[in-house]
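J.: Sharing a structure, written as structure tokens. Questions coming.
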Amino acid sequence: MQVVPPEAWRERGDTFAWRDHSIFYRAEGSGDPLLLIHGFPTASWDFFPIWPALVARHRVLALDMLGFGFSAKPRPHRYSIFEQADLFEDFLAREQVTRVTVLAHDYGVTVAQELLARQPGAAARIDRVYLLNGGLFPETHRALAMQKLLASPVGPLLARVSSYRTFASSMRRIWGTVRPPDDTELRAMWQLVSHAEGAAVLPLLLRYMEERRRNRSRWVGALTSATIPIRLINGLVDPISGAHMVARYRELVPNPDVVELPGVGHYPQVEAPDRVLAALA
């Protein structure tokens, strides 16, 4: 797979101002709108392996959330899933989207759950949701040791000394066995994380783990009570939210629609793009 350099990804996008912050986004293609919501700690670039195929059949919309990628990374700032959901609602309104399908990954699945919780009164109706690996249930989210440290009181100090080497080591732990991560991919991810001193905001962004615990009833309830089609596409060997999370999903979600990806880890769209595209039927 040829890796799209982050600079090339950025050149194909644009920015808009939101609450005095610059937000990077891409909007391409035609057809039914498809909103992509990326995960922690990277950016919309994560979808580059499946982007061309999606654009061939959808109007594809994606942005880098506040604190991520090529968007603004203010600090101090109290980052919140609720704020990120506000951003996506305003983005959809800006693009004049009133009906949309959502594809979300990692941190993004929680944003998708909040968007679901805001239905049916939202201006943009969600017709369908696809969920990639993510912490849908706080009780099954197994954060990496590095994430726990970054979210702790020593987080700001640790963020200041973080490096590509430590980042790549953590990423390799969550990758699957289908193929090892390419150094070019990992360096691109680190570039997105570290852009504009982005490592310094990681401890602030990681507050989402506690936010998930506080709002479990709202966000799990939005998932279990949803009346629209929802499909979980999951890399089973992901130590953060793999097979153990799928088991919990089958316990709690009525009539669960699950596509299991053996040998795939935390980044299905990067590790096994063809299998993810096949599941987006």
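J.: If I stretch the segment between R75 and Q119 completely, what's the gain in nm (0.36 nm per residue apart, minus their alpha carbon distance), one decimal?
T.: 12.7 nm
J.: Report the label-to-label distance for D274 and V258 in nanometres (one decimal), using points 7 Å from each Cα along the Cα→Cβ vector.
T.: About 2.6 nm, to one decimal.
J.: Is the C-alpha gyration tensor of the chain telling us rounded, prolate or oblate? Criteria: a/c under 1.5 is rounded; beyond that, a/b larger than b/c is prolate, otherwise oblate.
T.: rounded
J.: Restricting to Cα pairs below 8 Å that are 6+ residues apart, what does the relative contact order work out to for the chain? Please round to a whole percent.
T.: Relative CO of the chain lands at 21 percent.
J.: While we're here: Using a cut-off of under 19 Å, list every residue of region 249-281 whose amide N is near the label point 7 Å from the Cα of A53 along the Cα-to-beta-carbon line.
T.: 258-281
J.: Work out how much length L144 to R99 would gain on full extension: take 0.36 nm times their residue separation and subtract the Cα-Cα distance, in nm to one decimal.
T.: Taking L144 through R99 to full extension adds about 12.6 nm, to one decimal.
J.: Probe radius 1.4 Å, ligands and nucleic acids ignored: give me the carbon and sulfur share of the accessible area of the chain as a rounded percent.
T.: Whole-percent figure for carbon plus sulfur exposure: 51.
J.: Once the Cα atoms of region 180-281 are picked out, what are the Rg and Dmax in Å?
T.: 16.2, 44
J.: If you don't mind, there's one more thing I want to ask. If you average 1/r over all unlike Cα pairs in region 1-152 and invert the result, what Kirkwood radius do you get in angstrom?
T.: 16.0 Å is the Kirkwood radius here.
J.: Could you report the chain's accessible area per residue, 1.4 Å probe, as an integer in Å²?
T.: Solvent-accessible surface per residue comes out at 41 Å².
J.: I need the calculated FRET efficiency for the pair R19 and A196, taking r as the beta carbon distance and R₀ as 25 Å, to the nearest 0.05.
T.: Here the calculated transfer efficiency is 0.90.
J.: Can I ask one more? Please report the spacing between the Cα centers of region 25-71 and region 135-211 in Å, no decimals.
T.: Their Cα centres are 20 Å away from one another.
J.: Right, next: How large is the helix-only mean residue ellipticity at 222 nm for the chain, computed as the sum of -39500 (n - 2.57) over DSSP H runs with n ≥ 4, divided by its residue count, in deg cm²/dmol to the nearest 500?
T.: Only helices count here, giving -10500 deg cm²/dmol.
J.: Same structure, new question: Once you order the gyration tensor axes a ≥ b ≥ c over the Cα atoms, which shape class does region 90-215 get: rounded for a/c under 1.5, otherwise prolate or oblate by comparing a/b with b/c?
T.: prolate
J.: If packing is taken as the average number of other Cβ atoms within 10 Å across a peptide's residues, how do 245-253, 184-192 rank, most packed first?
T.: Highest-to-lowest ranking by the protection proxy: 184-192, 245-253.
The values are calculated or read from the model by the stated rules, or taken from the named source; none is laboratory data. Quick caveat, the model's predicted, so the values are computed rather than measured. Neighbour counts are summed over all protein chains in view; Cβ atoms, including those assigned to glycine, are modelled from backbone coordinates with ideal geometry. For accessibility, only protein heavy atoms count, side chains too; no ligands or nucleic acids. Shrake-Rupley method; radii C 1.70, N 1.55, O 1.52, S 1.80 Å.
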